[in-house]
């Protein structure tokens, strides 16, 4: 597997990114904020409204460094994408299968199977690690229900039925979510998933984690020559990276949800790191966002053994591994797409 | 389609194909590429040869660099690092040159002479292009290896010519179907820069269905 390089997060508003030799220079007005060699970078991710020189965009596109612009609150705005990798054969196969709802269902099924299997395993892990803190029988019951959904999902031939099963399984899983918050219960409670805007602390954290993950998955897909915008479970909608959302399904729980729970349970993020607007919208403060991003970056460096490839990689490379496996399936090397199944 | 050089396969691809059919397909059909130390070294060595505007005359030799060649028979186009035209009574006449010459391709390679034939078939294909373009015989050619700083002579035999024809036929067979052959993993995977794109280990991995059913 290739090496995982660093991601540069730029959070100072009104900063400007420019290319200088083989390095990126970040300035704000007259202030020189930093300078990093490009060859160490895998991605550059900016928050807030800042500029980047065309020369830098050019250099990033050439070197396969993804350059992403997010709003201050972490909403995706734009990404600099270089020349699509030349693999037209792969992309045509991707489109052809996407046009067939039958074929789409076969691939989508595996995304959702892994999503539910991973959710189930998150619950199982909780019962094993914190039997004194959570309602074990309730968790076991929901885990058993998810097992039943898994059986059904494997048989599904139809996208609508699949979406139905996914929704029901997600309801069961999120019913346990609040119980997995073991610390700082006054500041963090989960009732239901909400966004646009998130109206409680935990939804603000989940939204940011999902955005960062979506950005990584999009970049990984495009890196192996797939079109991040043409999906199987998520159908085409202008401007939506449907395939990235598809592949993300199986990674949401194991990467984003667990990360958010850890931030709270280890008190890395506290109630002080949030700011509530008059309308109830909740934002992370600059400090809070910095803590979030640093922890996210460290998390990416943690090792695991990929369950299908049986190869030691970092968590940060999981989206890349899945993108490659999907591409190899579409090109006919694998009879089915092997999703990421965590245990 | 016929005789349209735009649709011809790249000559250098024969080296990839002889080394590993899947490597060739990943590069030439799927347009995938990755660098490693070896490919960078190779580029560096070719910088020397890749100077199309330098032309040298030494005694009985005319040395030309980065010469574009093609063969309608093989349906391939490519570039010879160096072609030496050696004065020879048995040779052919060249425009703007006195005397008669035999073309001799020289291909620059990193490392040492290899156990496999991949460098040789590439050189033979170049020789066949020159034979077709100059309407002459090219009886020998050279591989220059950077590590030993010496050239190795290769005799262009009819067996080798036939093998090159056969390989191009196979290449076109895959190319027309846009088919990437399955992995045949081996020691050669270790020196392949595409190892991480090819995933040679997939060949002996568990069937996906079985892998998923373990989680039921």
Helix B:158-177 sits off the longest principal axis of the Cα atoms of chain B, rounded to the nearest 10 on a 0 to 90 degree scale, by 50 degrees
Using the Kirkwood formula on alpha carbons, the hydrodynamic radius of the stretch B:1-142 in angstrom works out to 16.2 Å
Check: C-alpha center the stretch A:200-273 vs C-alpha center the stretch B:73-106, spacing in Å is 60 Å
Of the convex hull drawn through the C-alpha atoms of the stretch A:30-115, the volume per residue in Å³ is 164 Å³
Neighbour-count ranking for A:36, A:230 (other C-beta within 10 angstrom, fewest to most) reads A:36, A:230
Ordered by fewest other Cβ atoms within 10 Å, a rough proxy for footprinting exposure, A:296, B:33, B:24, A:315 read B:33, A:315, A:296, B:24
To the nearest 10 degrees, the tilt of helix B:118-134 (Cα long axis) against the first principal axis of the alpha carbons of chain B is 40 degrees
Rounded to the angstrom and largest first, Cα extents along the principal axes for the stretch A:158-295 equal 42, 31, 29
The percentage of Cα-Cα pairs in the stretch B:1-59 separated by more than 20 Å is 48 percent
A convex hull over the alpha carbons of the stretch B:98-190 yields, per residue, a volume in Å³ of 136 Å³
P(r) over all Cα-Cα pairs of the stretch A:100-231, 5 Å bins from 0 to the longest distance, whole percent per bin, short to long, reads 2, 9, 15, 17, 19, 18, 12, 6, 2, 0
Over all directions, the protein assembly as shown yields a Cα convex hull whose mean projected area in nm² is 30.9 nm²
Reduced to Cα centres, the span from the stretch B:119-155 to the stretch B:1-56 in Å works out to 16 Å
Correct semi-axes for the stretch B:156-216, from √(5λ) of the alpha-carbon gyration tensor and rounded to whole Å with the largest first, are 35, 15, 9
Inter-part gap, Cα centre of the stretch B:195-209 to Cα centre of the stretch A:282-330, in whole angstrom, is 21 Å
Kirkwood Rh for the stretch A:91-158 from C-alpha pairs, in Å, is 13.6 Å
Exposure proxy check on A:278, A:298, B:131: fewest-to-most Cβ neighbours within 10 Å is A:278, A:298, B:131
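Antiparallel as a % of all DSSP beta bridges within chain A, to the nearest 5?
On the way: 21 of 33 bridges.
About 65 percent, rounded to the nearest 5.
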Kirkwood Rh over alpha-carbon pairs of the stretch A:232-281 plugged into Stokes-Einstein at 25 °C, 0.890 mPa s gives a D in µm²/s of 180 µm²/s
Computed over chain B: longest principal axis from alpha-carbon atoms vs helix B:37-49 long axis, angle to nearest 10 degrees, is 20 degrees
Cα pairs beyond 20 Å in the stretch A:257-343, in percent, come to 52 percent
Normalised Cα Rg of the stretch A:3-80, dividing by 2.2 N^0.38 Å with N its residue count, works out at 1.00
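All of the numbers you see were taken from the coordinates with simple rules; none came from a lab. As the structure is a prediction and not an experimental result, all values here were calculated from the model. Note that we place each Cβ from the backbone using ideal geometry, even for glycine, and neighbour counts take in every protein chain shown.
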